Structures are given as C-alpha cells and as structure tokens.
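First up is the structure itself, then whatever we jot down about it.
The values are calculated or read from the model by the stated rules, or taken from the named source; none is laboratory data. For clarity, every value in this text was computed on a predicted model and none was experimentally measured. In this analysis, Cβ positions are derived from the backbone assuming ideal geometry, glycine residues included, and neighbour counts consider all displayed protein chains. Note: accessible area is taken over every heavy atom of the protein model, side chains too, but ligands, DNA and RNA are not part of it. Shrake-Rupley method; radii C 1.70, N 1.55, O 1.52, S 1.80 Å.
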Amino acid sequence: MPDSDDGELDSSFATIAKRQIRALVVTADGFLISRRDKIVALAARYAVPTMYPLSQYVAAGGLMSYGANLPDAFLQTGVYVGKILKGAKPADLPVLQPTKVEFVINVNTAKVLGLPVPDKLLALADEVIE
C-alpha cells in the first residue's frame, strides 16, 4: 500500500482527537488489518479506546476485540477446500460463517487509558491479556 494511505490514517486519528471522539470501532477490512500495528499505535498515541475485529490487534497492544477466531476459521477453510478437492462443487456447498468468536481484552492498555475494567467484563472474556 502506498505511504499516502498511512498519511490518511494519521489524518483520521488527528480528526478523531480534534473532534473529541471518545471511542472507536475498527471493522474487519483488508486495508485496516494490514495496518494493524499502525492503527494500534495511533489509538494509543491519541488515547482513543478502540475495539477491534481480531484478537491480533489486542496482542499488539489494542484495548479489546470481538470477532472470529482466526485459527478456527482457517481450519474451516481447510475442511471446505478438502471437500472441493474430493469432488464437491463449490456452488453446492453452504456459505460458511465463523463458528467460534472470541472476546479478548488487554487490561494493561485499559490501565494506560485510565479505564476501569469491571470484573463481570473480565469474566466474559475468552482471553485477558495482562
């Protein structure tokens, strides 16, 4: 991706700060996923609590995520491809949806942002990063 795209991210976060937007949700998008580390760094720099679509953002320092479990999705993909290789027609196969979603929270990031994390929320998490 061109560096100008990174500049658009910088500009977007500057606008978020200027408008005093108090939280952000990042969607599952190839461009945004490819810029995971930059987005997490910008959210930290501007102190914007952000929720992400994949746990990899949280492992990189993001606040929290709720979305598909990638290893499980890759396993489903392999099974699907196996069916096709054994002769199934792709058009005859059902559209797959994630079968496992996960909620991950990074309590260190929450502390840096000054956000209390209720025990009930921690109990709901599939993974807590400390």
Those lysines that a straight Cα-Cα span of less than 24 Å connects to K18, excepting residues fewer than 8 apart in one chain: K38, K111
Name the longest site-free stretch of the chain, where the excluded sites are trypsin sites (Lys or Arg not before Pro) in a DSSP loop with no more than 15 other beta-carbon atoms within 10 Å. 23-85
Be a star and scan the range 51-74 for residues whose amide nitrogen sits under 17 Å from the point 7 Å along the Cα-to-Cβ vector of N108. 55-65
Expected unfolding gain across L96-D72 under the 0.36 nm per residue rule, minus the alpha-carbon gap, is 7.4 nm
Of the heavy-atom accessible surface of the chain (probe 1.4 angstrom), what whole percent is carbon and sulfur? 59
Charges on Cβ only, +1 for Lys and Arg, -1 for Asp and Glu, centred on the Cα centroid of the chain; of N106, A68, G7, which one is farthest towards the dipole's positive end? A68
Classify the chain: rounded, prolate or oblate, from the alpha-carbon gyration tensor (a ≥ b ≥ c, eigenvalue square roots; a/c under 1.5 rounded; otherwise prolate if a/b is larger than b/c)? oblate
Dipole magnitude of the range 20-130 about its Cα centre, charges +1 at Lys/Arg Cβ and -1 at Asp/Glu Cβ only, in debye to the nearest 20? 300
Report, ordered by chain and residue number, the lysines lying within cross-link reach of K100, taken as a straight Cα distance under 23 Å and ignoring same-chain residues fewer than 8 apart. K83, K120
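Whole number in Å², please: accessible area per residue of the chain, 1.4 Å probe, ligands, DNA and RNA not counted.
On the way: 8410 Å² over 130 residues.
Per-residue value: 65 Å².
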